[in-house]
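Data block below; observations after.
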Amino acid sequence: MNLNDILLLVILGAPLLTAVLLALWSARLGRAAGWIAAVSEAISLTAALALLPALYYNQAPMLSMAWIPTAGIEFNLQADWLTLPFLVTEAAVTLVAIIYGWGYHHVDERSGYFYALLLIFGVGMSGTTMADDMVLFYIFWELMLVASAALILIWGDGERRGPVTLKYFIFTHVGSLIVLVGLLALYDATGSDAFAVLRAGQWTLAPGVMTMVIVLFLIGFSVKMAVFPVHLWLPDAHTVAPMPVTIMLAAAMLSMGTYGILRFPFSIFTPAQMAPFAVPMMVMGIVSEIYGALMALAERDVKRIIAYSSVSQMGYIMFGLGTMTHDGVVGATLHVIYHAIVKALLFMVVGLLIRATDRRRIGELGGLGGRMPLVALCAVIGALGIAGMPPLGIFNSEWMIFSGGFSSGHIGLAVATLFGSLLTVVYALWFVGRIFFGARPEGLTVGKLPRTMVITTVAVMILLIIEGLLPAPLFIWAEHGLASILGGGL
Amino acid sequence: MTNGGVWVALPLVCLTGGAFALYLVARLFRASNTLLSTLATVVFGAALVLLLPLFARSRAAALHGTALPVLASITPAGAFLRADPGALVLVAIALGIGGSTALYSGRYIAIDPRYATYYPLLLLMVAGMMGMVMTTDLFNFYMFCELMSIAAYVLVAFRRHTDTAIEAGFKYLIMGSVGTIIMLMGIAFIYRETGQLTLPLSGAELGPWQRAGSACFVVGLGLKSAIVPLHTWLPDAYGRAPSSISAVLASVISKSTLYMLPRIYLGLGMPAHDLGLMLIWLAFLNMTLGNALALMQTNTKRLLAYSSIAQTGYIMFSLGIGLRYDVPDAIQAAFFLLLTHAVMKATAFLSKGVCHFYLGTTTVEELRGTAVQLPLVAVTFSLALGGLAGVPPLAGFVSKWFILAQALHPAEPLAYVGLIIFLLNSLLALGYYLPLIARLFTAPQSGDGRPPARVAVSPWMAAPLIVTAALIIAIGVSPGLWLTGVNWMAVFWQDM
């Protein structure tokens, strides 16, 4: 067992072990639970970053054990260039959410469980990206659903949290089951659940079955991405979830759908086999982009506005993937990372707003810029970021996505998505304008904000600016990660 | 005596002898409930210990292809009992769950006045089941099946001070007796035509009486296993019996008849394909009706009972795929679910029993806030329900994975349709499992605004719960050992 294997285990093991300890001593830990959780997630993030040198030296960190030999099921963990951007994003978002939670979460004897579940939610996501066999992939995939559903159910806002959790669980579980059938079809074809066997390509599928598998994967992962017709779970779940969970859902979990699409249909089928799905994916992306933006304009609840903005942003990613060109796919992958930062920032701002004013209807807010200038600055940067203002990160990824659209040959669709992006500017600026500028409504008081919440928000804002100014490392990661896919002729 | 002999019967003798001894102890010395509970657990444990060397020898015989250990009957033709490794696996599970239940009853039954009859009946019920799966002779099968069933009827009506228990027990008795009488008629038909009672029947031709007899067995065993539309006794029986009894009934008793159905049917020389087709179609009914009716239940135990009907459907589906399309792995997958379902459903019923014992809850709504008062039970209950719903990495998920993978294997339209129905049903099932889990963890509606105090669970109840709940995780995480056991259970199929 070399250093890389240990790092792989630490990424999952540190938060998992901490979660167990937090749950056991929940009543006694009190405030310390949040600190312990943050430390363990920081260890996990550091371990993920420590894999970088190994990847640069072309070592493939991989941990492989037999699990159920009679059924050809293995226990494999790995980290490659495709894993890394998602893994790091996910661990960083979890860390931010936990630290943000220090101020947000009211400490009581159940706090230990709260942080334990946040950690498990994070483990579910990092495990999904690191799994190198189907059973493990599906276990982690469902773990993130179970943990997040528990968090929404117990700590969600409002009376509707029970039904909302049920809707969230059933909706995304349908998606999981669709993915599961796709996985099982591949398992039946290869006789093993290891991805290595899949990649080796020594297996065949009947053409009809292959089309079915691709469709299943695309639909199943779209549910997690919350792209237009299957997005229905997202607004409710995001609105009801406690703020740290909302941050993790929007900034990290949605990207797991993208990871799934990159890992399964894109990696194992050839571009020629995928080609028939290009236009449907692009159209789905455009519809989602425009629909999400329009819904964001129509909404009055601040949290729901940002939630619908996710539907819109996932539309860009779907479009970028659908172009199946170098620029489009790299742009979509980068968009996942940039969107994670921007969306985390915007939800953190919304959390601060709700905490400070105890209001969440947009008509009841206004003119807050003078009273909370720092939050207003973060909001403005976030809104400009999501609108695609250079030099903030999303400009880079949207540029790539649009460029991919034009080079795919479907000029009409590319123009449509370009104009659709105007709507993003409209809702982003409208959102900031209505809340932070203009007249302040009667009786709007601004309470004191916990310092940790403000500091994390500002830190994420600074990260957004840095990422936008220095996009090169991320570009290189993404290009490395997509090399196997792009090398296939894209 | 080298291979078999009286040793084969030792576990069975241990159980039946234990039952009579226990009743004597209870009557002569006015023994307390806790003492009887301990003794019953010891008897179950002893039977399990006696089973192990038998299993080792029967496994060795099966591996080397030599004759299995048998206890010969008085008639020269057949074996009274045969130590078939697959049947022994099922028996071992039954003994484990029986032992856990006996321990659990050390506290659970203490409030009932007639505990002196409870433990002997529990032992006899499991003994009947044990004999039933070990015998190869149709008439002995009938006798053991009756022993098991009669003990079960009485235990369902054990709390006879409630009218509903009497009603449920009576309903179970009437329907169960119809089932056994139909089987007896089937035995007569078969004997009339072939003059044999020992399975597998020898002889080339399938006569009309033999076919009629086999049909009688399908109906009788179908009734005992609650195959729709012969399931109507089950919700009442499971819903009204003490939770500990529901746990044993749901997990092993009515599943053992399902295990016997293909064994006897194939042993009678009937074609496997027909049974497979019938099981697949009936499985759709079982899954859909079970889940749809479970969704409407407000009583927790009835809900779990209907979920059993649905789970029976899943097992039948996989069994049907295996028999219809000659996929041995699908039969293994079916028996794997049979084992995991036994552990999960037992945990669910035992957890429910603790809630009822301490908090007096019967409806789903009343479970609200159990996590505050009984945190341990909330955890075990949700592990069981999560497992039944197929949430990874719990035991239920692995079984679902195997069944789905095998359903894809034959590449037949009916199997694909079945796969879709299976998936839709597992979604439907989430509709009642999830709210149940959610209720456990939502804040209780307290009248005076103060949170209710935590209740200490008696170790008599906590210990079996922890063991079975740990098993749910263990099977899910490392199914290797269990798969080996299931492998043995599916072997019979290759002999026939």
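Points worth noting:
- Picking from residues in the range B:478-489 that are at the interface with chain A (Cβ under 9 Å from one of its Cβ atoms) and in a helix (DSSP H, G or I), the one that is surrounded by the fewest Cβ atoms within 10 Å (Cβ to Cβ) is B:484.
- The single residue among A:120, A:68 that is touching a Leu at 6+ places or on another chain (Cβ under 8 Å), modelled with pLDDT under 90 and buried (at least 17 other Cβ atoms within 10 Å of the Cβ) turns out to be A:68.
- All told, residue A:180 meets the bar of being within 14 Å of another protein chain (Cβ to nearest Cβ) and part of a helix (DSSP H, G or I).
- Within the range A:141-164, the residues that satisfy the criterion of being at the interface with another protein chain (Cβ under 10 Å from one of its Cβ atoms), free of Cβ contacts under 8 Å to residues at least 60 places away in the same chain and either crowded, with 21+ Cβ neighbours inside 10 Å or within 20 Å of residue A:118 (Cβ to Cβ) (or both) are A:142, A:143, A:145, A:146, A:149, A:150, A:153, A:154.
- Only a single criterion out of (1) modelled with pLDDT of 85 or more; (2) under 30 Å from residue A:280 (Cβ atoms) is not satisfied by residue A:437, namely (2).
- Scope the range B:397-417; condition without any contact (Cβ under 8 Å) to a residue 24 or more places away in the chain and either hydroxyl-bearing (Ser, Thr, Tyr) or on the phi > 0 side of the Ramachandran plot (or both); matching residues: B:411, B:416
- Whenever a residue of the range B:418-439 is within 10 Å of chain A (Cβ to nearest Cβ), its partners that are of a type in the set (D, E, K, R) and outside any helix (DSSP H, G or I), lying with C-beta atoms within less than 7 angstrom and at least six residues away or across chains, give the pairs B:439/B:368.
- In the range B:457-477, the condition of being at the interface with another protein chain (Cβ under 10 Å from one of its Cβ atoms) and either surrounded by 21 or more Cβ atoms within 10 Å (Cβ to Cβ) or not aromatic (Phe, Trp, Tyr) (or both) is met by at least one residue.
- Counting only helices (runs of 4 or more DSSP H) that sit wholly inside the range B:217-324, those with at least 3 residues that are within 30 Å of residue B:410 (Cα to Cα) and within 20 Å of the chain's Cα centre (by Cα) are B:254-267, B:272-295.
- Residue match in the range A:199-207 (condition: in contact (Cβ under 8 Å) with a residue 24 or more places away in the chain and either within 11 Å of chain B (Cβ to nearest Cβ) or surrounded by 20 or more Cβ atoms within 10 Å (Cβ to Cβ) (or both)): no
- Residue check, residue A:197 under 27 Å from the mean Cα position of the chain (by Cα) and either under 25 Å from residue A:284 (Cβ atoms) or not basic (Lys, Arg) (or both): no
- Among the residues making up the range A:371-392, a single one is without any contact (Cβ under 8 Å) to a residue 40 or more places away in the chain and within 24 Å of residue A:451 (Cβ to Cβ): A:373.
- Spans of helices (runs of 4 or more DSSP H) in the range B:1-112 with at least 3 residues within 30 Å of residue B:458 (Cα to Cα) and among the aromatic types (Phe, Trp, Tyr): B:10-29
- Filtering the range A:269-290 to residues that are surrounded by 20 or more Cβ atoms within 10 Å (Cβ to Cβ) and among the aliphatic types (A, V, I, L, M) leaves A:274, A:278, A:281, A:282, A:284, A:286, A:290.
The values are calculated or read from the model by the stated rules, or taken from the named source; none is laboratory data. No experiment lies behind these values; they were computed from the predicted model shown. Neighbour counts run over all protein chains shown; Cβ positions are idealised from the backbone, glycine included.
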